[in-house]
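A short worksheet on the structure shown next.
The values are calculated or read from the model by the stated rules, or taken from the named source; none is laboratory data. Predicted model, so just to flag it, every value in this text is computed and none were measured. So basically every Cβ, Gly included, is an ideal-geometry build from the backbone, and we count neighbours across all protein chains shown.
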Amino acid sequence: MAEDIIKELRVCKDPDCKKEYTAEIINCMGVRILKGMGYCPDHARKMYEIAEIKDREKTAGEIVSKRRFWREVKSGIPSKFMYEDLSTFNAYRADCMGLKKAFDRCVEYVENWPFPDKEGNPYRYWLGYPSVLFYSKDSWGIGKSHLACAVAHGILNRWMGQPMACPVKFVSEYDIFSRIQKTYNYNQEESHILPSEADIINDLTAVPLLIIDDIGKRQPKDLRFVQRIYFSIIDGRYKSQRPVVLTANLNAGELKTYLGRGNEDEATYDRIFEMIGGKVIHMEGPSYRRENKV
């Protein structure tokens, strides 16, 4: 395809410039295309830089907007912890054990959380990322839920527009089983439009990072039911190498019993133990809610 370049003297069309310059006009199949749209090179360069800045500002605004949507709608972070992140956690209370270790682990976890490249494959970026288990046997209100939500906040804050769905889901044990039990009482119409037990489990299995809070806080009426659901969730995440962050009100031995005792029933705990690399973070101390009269 033949192209002719014609050069002619023109005046910059910007009213504040009016500078004379040599314009280039491309003649392509009878169509004349003016390079720089009638602006001198200096002014055209400034306009390009301004357009770049506006594009970056627009992109930044879109990122902030999507983060807010994920945080407030998709992540499951409770409203109580909507503004509680690592910066608001006091890891230096002298009367508590394990807080600094737990805090440091959360900071490390957030800072190293993998994101897909903008040009790369956005899927399976979380493959094999380690899991974490925090527990406090005799302490309530020590800050496990705060730290768990802070991990979610930290990961969302690090997202910079990579092509992906919301990377994290926070849910309490109570919420999991409350939602699943409701599915057993659906009428015929509801059963066709509302999520089933399988749908709920699939959602909890598919999210890149699942955070389950308050495991073992309440004694369930049907422990076998709890064990069956936990196995479905943990086994699905174990096989797909998706990590979990767990907080529990049980020590390691009690958690093993809670999730299933004996032969194949220990599979859930064994999978968790492997996913966390055999490292459990123990936290104990007085309730910061009582200290702060929350």
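How do the pairs read when you match residues in the stretch 83-101 that are more than 14 Å from Ser136 (Cα to Cα) with residues anywhere that are at pLDDT 85 or above and of a type in the set (D, E, K, R), using Cβ under 7 Å and keeping only pairs 6 or more apart or on different chains? As it stands, the answer is Ala91/Lys100; Tyr92/Lys100, since those pairs meet every condition given. Gln219 meets the stated requirement of being over 19 Å from the mean Cα position of the chain (by Cα), surrounded by fewer than 17 Cβ atoms within 10 Å (Cβ to Cβ) and not small (Gly, Ala, Ser). The C-beta contact set for the stretch 216-245 (first residue within 16 Å of Tyr258 (Cα to Cα), second residue in a helix (DSSP H, G or I) and among the hydroxyl-bearing types (Ser, Thr, Tyr), distance under 7 angstrom, 6+ apart or interchain) comprises Gly216/Tyr258; Arg218/Tyr174; Gln227/Thr268; Tyr230/Thr268; Phe231/Thr268; Ile233/Thr205; Ile234/Thr268. Residues that are surrounded by fewer than 10 Cβ atoms within 10 Å (Cβ to Cβ) and either in contact with a helix residue (DSSP H, G or I) (Cβ under 6 Å, 6 or more places away or on another chain) or over 25 Å from Asp4 (Cα atoms) (or both) were ranked within the stretch 15-48; the one that is modelled with the highest pLDDT is Pro15. I'm trying to understand the selection: among the residues of the stretch 161-184, which are under 12 Å from the mean Cα position of the chain (by Cα) and closer than 23 Å to Tyr83 by Cβ? Scanning the stretch 161-184 gives Cys166, Pro167, Val168, Lys169, Phe170. Just checking, does the stretch 72-87 include any residue being part of a helix (DSSP H, G or I), of a type in the set (Gly, Ala, Ser) and not assigned by TED's automatic domain parsing to the domain that holds Ser145? No, there is no match, as no residue in the stretch 72-87 is part of a helix (DSSP H, G or I), of a type in the set (Gly, Ala, Ser) and not assigned by TED's automatic domain parsing to the domain that holds Ser145.
Going by what's in this entry, would Ile53 be described as over 30 Å from Val171 (Cβ atoms) and of a type outside the set (Phe, Trp, Tyr)? Please lay out each step first, then the result.
Values: over 30 Å from Val171 (Cβ atoms): yes; of a type outside the set (Phe, Trp, Tyr): yes.
Spelling it out, Ile53 is indeed over 30 Å from Val171 (Cβ atoms) and of a type outside the set (Phe, Trp, Tyr).
Among the helices (runs of 4 or more DSSP H) confined wholly to the stretch 169-239, which include 1 or more residues that are farther than 21 Å from Gly143 by Cα and at pLDDT below 90? Give the steps one after another, and end with the answer.
Details: elements: 173-183, 188-193, 197-206.
Passing ranges, in order: 188-193.
Among the residues of the stretch 226-241, is there at least one that is under 22 Å from the mean Cα position of the chain (by Cα), exposed (fewer than 14 other Cβ atoms within 10 Å of the Cβ) and among the basic types (Lys, Arg)? Within the stretch 226-241 (the criterion being under 22 Å from the mean Cα position of the chain (by Cα), exposed (fewer than 14 other Cβ atoms within 10 Å of the Cβ) and among the basic types (Lys, Arg)), the answer is yes, since at least one residue qualifies.
Looking for something of a type in the set (A, V, I, L, M, F, W, C), within 26 Å of the chain's Cα centre (by Cα) and assigned by TED's automatic domain parsing to the domain that holds Val168 - is there at least one such residue anywhere in the stretch 190-199?
So in the stretch 190-199, the residues of a type in the set (A, V, I, L, M, F, W, C) come out as 193-194, 198.
Those still in the list that are within 26 Å of the chain's Cα centre (by Cα) too: 194, 198.
Of the ones still in play, those that are also assigned by TED's automatic domain parsing to the domain that holds Val168 are 194, 198.
Yes: one or more hits.
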